Amino acid sequence: QVQLVESGGGLVQSGGSLRLSCVASGSIFSISSMAWYRQAPGKQRELVAITVSGGNTDYGDPVKGRFTISRDNAKATWYLQMNSLKPEDTAVYYCNGHLTILRGSLRVSSDYWGQGTQVTVSS
């Protein structure tokens, strides 16, 4: 069974920093993309950052220049470094991975989600 587990959320003052981590576990053959999404109350889930296997990264406009996504392939882990946090960054943050897993002799690709971690930025 594949699991994605986030950690690192919490309460921080405006201007502060947090680092989120996401660890994938299970019968993982490969991870082609790793991403972070967030969802604030009453709003749709939005892409925060994504990194793909070739090394390219992309960011949502609200976080460009403040957030950095990185990955450690050997540990099946990816991170989101969040600097200069603002109250509008308050949301539940979810990690997402496009994984290829092993089912017997088969390789099956699908998207997986973590359970979410709360980030609250006070003004």
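The values are calculated or read from the model by the stated rules, or taken from the named source; none is laboratory data. Owing to the predicted nature of the structure, the values given are computational and were not obtained by experimental measurement. For neighbour counting, all protein chains shown are included, and Cβ atoms are generated from backbone atoms with ideal geometry for every residue, glycine included. Please note that ligands, DNA and RNA were not included when accessible areas were found on the heavy atoms of the full protein model with its side chains. Shrake-Rupley method; radii C 1.70, N 1.55, O 1.52, S 1.80 Å.
Some notes on this structure:
- Sequence-distant residues sharing a close amide H with Thr90 (under 5 Å, placed H): Val121
- Computed over neighbours whose Cβ is under 13 Å from that of Val121, the net charge equals +1, Lys and Arg +1, Asp and Glu -1.
- Among beta bridges that DSSP assigns inside the chain, antiparallel share in %, nearest 5: 90 percent
- What the phi angles of the stretch 76-88 give under the Karplus curve with 6.51, -1.76 and 1.60, with θ = phi - 60°, is a coupling list of 6, 10, 9, 10, 10, 8, 10, 10, 6, 5, 10, x, 6 Hz, glycine and proline written as x.
- Descending principal axes extents, the chain, alpha-carbon based, whole Å: 53, 25, 24
- Taking 1.567 mPa s as the viscosity and 4 °C as the temperature, the Stokes-Einstein diffusion coefficient of the stretch 51-120 based on its alpha-carbon Kirkwood radius rounds to 92 µm²/s.
- The peptide list 89-96, 68-75, 48-55, put in order of mean Cβ contacts within 10 Å with the highest first, becomes 89-96, 48-55, 68-75.
- Per residue solvent-accessible surface (Å²) - the chain, probe of 1.4 Å: 54 Å²
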